Amino acid sequence: MVQSEGGRVRSERAIDDSLYLTAAGRRRLEEHLAGDLAERDRLAPGDPNEVRDGVDEADRLAAADELARIDERIAATQSILARARPMPTGPEDGVVRLGSTVRVRDDQGESESWTLIDPVEFDEGTNSVAADSPVGSALLGHTAGDRVAVATPDGNRVIEILEVRAYRPD
């Protein structure tokens with residue numbers, strides 16, 4: 001226990017802000033980081049003492065803004081990767097949890113498979129769903145055979161869980 005400025009006692013226990021990434025998610029984040037670092041190197045200013053005209057100065061200011069955005073993305077991705085732990089192999093108990101791949105059928109009879117992932121590794125175009133999305137949070141904790149109602153921006157859906165596979169690293 002530590003006494004704060006106001007005289008209140010607070011815990012000194014460190015908060016664990018770890019997050020779990022799939023192997024594929026870590027690779028995608030590392031690829032994004034490498035791309036941002038390369039883009040930053042490409043846009044980095046040359047000799048700051050070089051004489052420029054007004055057009056060059058406008059280009060330099062636009063590049064500086066872009067560099068600031070890239071630096072923010074780099075810092076955010078580095079922070080995520082520093083906190084990231086490998087997704088542990090999941091138990092074969094049939095329960096949907098982070099890292100599980102779930103095959104579902106919707107109320108129109110369409111079937112799909114998704115892997116539930118941490119939102120920081122979500123990337124459009126992958127067969128994944130963020131655990132904090134309406135679908136992801138509705139699936140968590142359920143098992144094959146369960147039917148779950150999901151409120152989505154397109155309206156309410158009912159999906160049936162057909163199969164749950166535990167996470168296995170690549």
Can you tell me how many residues in the stretch 55-92 are over 18 Å from residue 39 (Cβ atoms) and polar (S, T, N, Q)? 2
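Scan the stretch 99-111 for residues that are of a type outside the set (Gly, Ala, Ser) and at pLDDT 95 or above and jot them down.
Within the stretch 99-111, 101, 102, 103, 104, 105 meet the criteria.
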Name the residue that is modelled with the lowest pLDDT, counting only residues in the stretch 59-75 that are surrounded by 11 or more Cβ atoms within 10 Å (Cβ to Cβ) and among the acidic types (Asp, Glu). 59
Top-ranked residue in the stretch 139-170 [being without any contact (Cβ under 8 Å) to a residue 40 or more places away in the chain and assigned to a loop (DSSP other than H, G, I, E, B); ranked as farthest from residue 98 (Cα to Cα)]: 154
Taking the condition of being surrounded by 17 or more Cβ atoms within 10 Å (Cβ to Cβ), over 19 Å from residue 168 (Cα atoms) and among the β-branched types (Val, Ile, Thr), how many residues in the stretch 121-157 meet it? 3
Filtered residue count, the stretch 98-138, keeping only those that are part of a strand (DSSP E or B) and of a type in the set (Val, Ile, Thr): 6
For the stretch 136-146, state whether one or more residues are among the β-branched types (Val, Ile, Thr), under 30 Å from residue 31 (Cβ atoms) and out of contact with any Cys (no Cβ under 8 Å at 6 or more places or on another chain). no
Failed condition for residue 33, given (1) closer than 30 Å to residue 170 by Cα; (2) at pLDDT below 85, with all others met? (2)
Can you pull out every residue in the stretch 38-58 that is assigned to a helix (DSSP H, G or I), modelled with pLDDT of 75 or more and exposed (fewer than 15 other Cβ atoms within 10 Å of the Cβ)? 38, 41, 42, 43, 58
Limited to the stretch 76-116, what total is found for residues that are within 14 Å of residue 27 (Cα to Cα) and either surrounded by fewer than 18 Cβ atoms within 10 Å (Cβ to Cβ) or among the aliphatic types (A, V, I, L, M) (or both)? 8
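The values are calculated or read from the model by the stated rules, or taken from the named source; none is laboratory data. Everything quoted here is computed from the prediction, not taken from an experiment. We place every Cβ from the backbone using ideal geometry, glycine too, and count neighbours over all the protein chains shown.
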